[in-house]
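What follows is a set of notes on a single structure, which appears directly below.
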Amino acid sequence: MMIRSIQLFFMTLAAVRAVNLRSRSFNNLTALLEENRTDYAPAPHPRHYRFMATSTRYGTNPQTACGLDSAALVKGTHYLAVASAQAMQDGCCRCNRNGGGGGTAGLGCGSCGKGKFVRQLPRGFKIWTPESAKIFHTEYKFVVVDICPHSHNAMWCPAHAGQTNTFGVHNHLDFATVPQHFDNYYFEFTPEPCDHEMQSRLARMSNCHLR
């Protein structure tokens, strides 16, 4: 009886492992197919700002590639903290300055900008947030606190200026802090100088000697 129970245990364990393996294989295949799709709807053109970007969300970090605590930097300000795509910086992966060119905005560590979210998702998913939501009618200011390296984010973040991501867009911003109702909406933006308070914070809080 005990031998039979042991046999059943190992048979069950083997079955579970097989299911997990198939699940991982399916997930990997799904991710691969998603990365190689080319049938996405065209990205919108910027209407009120200079550039268009795709967007994602990743959260704050106490020690970013720009040598600072992203949550502390923007606390009490009206700025959103973002990581910009590697192509938008002058290299990878620490203390980079502005890169860009050929349709790619130059936004390195400590750069700022302003823009608005566009009510369209790159993958064409249904949008549940109403068009009247504040997120689509507010101009947001942002500051670059980190990098989105191409090696780990090939779908979203181009490696070199002039290249586009999976969705045909040159620019990508990975938001560390986000407004209510955020999703992976397109974001149109224009670079601009940081205000005096943010410049002071960057100089004080970053070990990348940002000015």
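A few points about this structure:
- Just one residue in the set Phe125, Phe167, Phe136 is among the aromatic types (Phe, Trp, Tyr) and under 14 Å from the mean Cα position of the chain (by Cα); that residue is Phe167.
- Any hit, segment 139-146, residues being without any contact (Cβ under 8 Å) to a residue 40 or more places away in the chain and basic (Lys, Arg): no
- Scanning segment 72-80 turns up at least one residue that is free of Cβ contacts under 8 Å to residues at least 24 places away in the same chain and on the phi > 0 side of the Ramachandran plot.
- Scanning segment 65-108 for residues that are part of a helix (DSSP H, G or I) and of a type in the set (Val, Ile, Thr) yields one hit, Val74.
- Among the candidates Leu210, Leu173, residue that is crowded, with 22+ Cβ neighbours inside 10 Å and at pLDDT below 95: Leu210
- Residue match in segment 95-109 (condition: exposed (fewer than 15 other Cβ atoms within 10 Å of the Cβ) and modelled with pLDDT under 95): yes
- Of residues in segment 178-190 being crowded, with 18+ Cβ neighbours inside 10 Å and in contact with a Phe, Trp or Tyr (Cβ under 8 Å, 6 or more places away or on another chain), the one farthest from Phe117 (Cα to Cα): Phe189
The values are calculated or read from the model by the stated rules, or taken from the named source; none is laboratory data. Note that this is a predicted model, so its numbers are computed, not measured. FYI the Cβ positions are ideal-geometry reconstructions off the backbone, even for glycines, and counts take in every protein chain you see.
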